[in-house]
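Where a number appears in this text, it was derived from the coordinates with a stated rule and is not lab data. Since we're looking at a predicted model, the values are computed, not measured. Glycine gets a Cβ as well: all are built from the backbone with ideal geometry, and neighbour counts include every protein chain shown.
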Amino acid sequence: MDIQKIGVIGAGQMGNGIAHVMALAGYDVLLNDISQQALDDALSTVRGNMARQAGRGKIGEDEMEAALARISTTLTLADIGKTDLVIEAATERETIKQAIFEDLQPHLLPHTILTSNTSSISITRLASRTDRPERFMGFHFMNPVPVMQLVELIRGIATDEETFSSCKAVVDKLGKTAASAEDFPAFIVNRILMPMINEAVYTLYEGVGNVQSIDQSMKLGANHPMGPLELADFIGLDTCLAIMNVLHDGLADTKYRPCPLLTKYVEAGWLGRKTQRGFYDYRGEMPVPTR
Ligand SMILES: NC(=O)c1ccc[n+]([C@@H]2O[C@H](COP(=O)([O-])OP(=O)(O)OC[C@H]3O[C@@H](n4cnc5c(N)ncnc54)[C@H](O)[C@@H]3O)[C@@H](O)[C@H]2O)c1
């Protein structure tokens, strides 16, 4: 299927990144949100990020202006129905995502493919609430979207081969690499990454190391570019906890139990960089470990 126009629902940190890479690859992008402020912020973020790429010589000024001209915005969800491929990147809450797909359904073209950028919610369950489970799949970008090379493509139980190959062709056109994953809790990347982060929090909780020694050990001893606690702060500790809960509930294995210390940080509202405090305190010039 020839995909030309892409609808992106949710203009937060992932939605603006998805609009950015799609427009640069030559797709027309229609970006939707419930908040005009979010749409305005997304456009200025995309402009700023593209200007940085242009400043480094990664893209030309003309290319940047042409890409920006391919992005339009709407507060009306129905407008998204007239696109070839929808990528839903709204807040990670199943009731919100289900309501979006239900409201969108009457406005869809017969050929429109529906996808979700969810980090953890069952693709099969989301698809089952639509009229086209065979044309529904997971399209999971990594953060930050313009930088990260991988996209996980997740087949629900009903996803057909044409839908998969159409989405794979889009990933190829972006110059990114697709990893195919089956629809089990947290897919591939987060299934492996989150238990490692959770174990790092246990290592801290049990006093085996402190924040600095744990991060330094994994950077220098395992060649990780970021320490696990620093990475958790970047992702958001609430997101890390939500994914551990999905793994624990979905796979019913105690090895996925979230560390009580992770829960305590979330209860404190210390969610990482976005709230300026997590395993590090970001309020000063340099991040300072909080334990
Ligand atoms: N943050 C990450 O590292 C990351 C990585 C991969 C995937 N994801 C997934 O991407 C999705 C979005 O995450 P994010 O980090 O961009 O969140 P975010 O909070 O930055 O953005 C969410 C946006 O969705 C909008 N929204 C909420 N309800 C809506 C509705 N009914 N219709 C349209 N827009 C609506 C909000 O106004 C907000 O602008 C989630 O499913 C998340 O799990 C996040």
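So, in Å, what gap is there between the alpha-carbon centers of the stretch 16-33 and the stretch 227-274?
That distance is 30 Å.
When you count, for each residue, the other Cβ atoms within 10 Å and take the mean per peptide, how do 90-96, 19-25 rank with the highest first?
Result, highest mean Cβ count within 10 Å first: 19-25, 90-96.
Using packing as a proxy for protection, rank 110-116, 248-254 so that the peptide with the highest average count of other Cβ atoms within 10 Å comes first.
Answer by packing, highest mean first, reads 110-116, 248-254.
If packing is taken as the mean number of other Cβ atoms within 10 Å per residue, what is the order of 63-69, 80-86, highest first?
Going by the mean number of other Cβ atoms within 10 Å, highest first, we get 80-86, 63-69.
Return the percentage of antiparallel bridges among DSSP beta bridges fully within the stretch 5-182, rounded to the nearest 5 %.
15 percent
Just to be sure I understand: with springs between alpha-carbon atoms less than 10 Å apart, which residue in 189, 208, 29 has the highest mean-square fluctuation in the Gaussian network model of the chain?
Looking only at 189, 208, 29, the biggest GNM fluctuation is shown by 208.
Between the stretch 111-190 and the stretch 57-72, how many Å separate their Cα centres?
About 26 Å separates the Cα centre of the stretch 111-190 from the one of the stretch 57-72.
Quick check on the stretch 191-289: take the gyration tensor over C-alpha atoms, sort the square-rooted eigenvalues as a ≥ b ≥ c, and tell me if it's rounded (a/c under 1.5), prolate or oblate.
Oblate shape, in that a/c is at least 1.5 and b/c is the bigger or equal ratio.
Please list, ordered by chain and number, the residues whose modelled amide H lies under 5 Å from the amide H of residue 8; skip anything fewer than 5 residues away on the same chain.
Amide H neighbours of residue 8, under 5 Å, 5+ apart: 30, 31, 32, 87.
Please enumerate, by chain and number, the lysines with C-alpha under 20 Å from the C-alpha of residue 264, excluding those fewer than 8 residues away in the same chain.
255, 274
Pick out the long, greasy-scoring helices in the chain: whole DSSP H runs spanning 27 Å or more along their own axis by Cα, mean Kyte-Doolittle at least -1.0.
36-55
Less than 26 Å apart at the alpha-carbon level, and either on another chain or at least 8 residues along: which lysines does that give for residue 173?
List returned: 5, 58, 82.
Taking amide H positions as placed 1.01 Å from N in the peptide plane, with prolines and chain starts having none, which residues 5 or more places from residue 281, or on another chain, fall under 5 Å of its amide H?
288, 290
Give the residue from 86, 290, 236 lying farthest towards the positive end of the charge dipole for the chain; charges sit on Cβ (+1 for Lys and Arg, -1 for Asp and Glu) and the dipole is referred to the Cα centre.
Most positive-ward Cα: 290.
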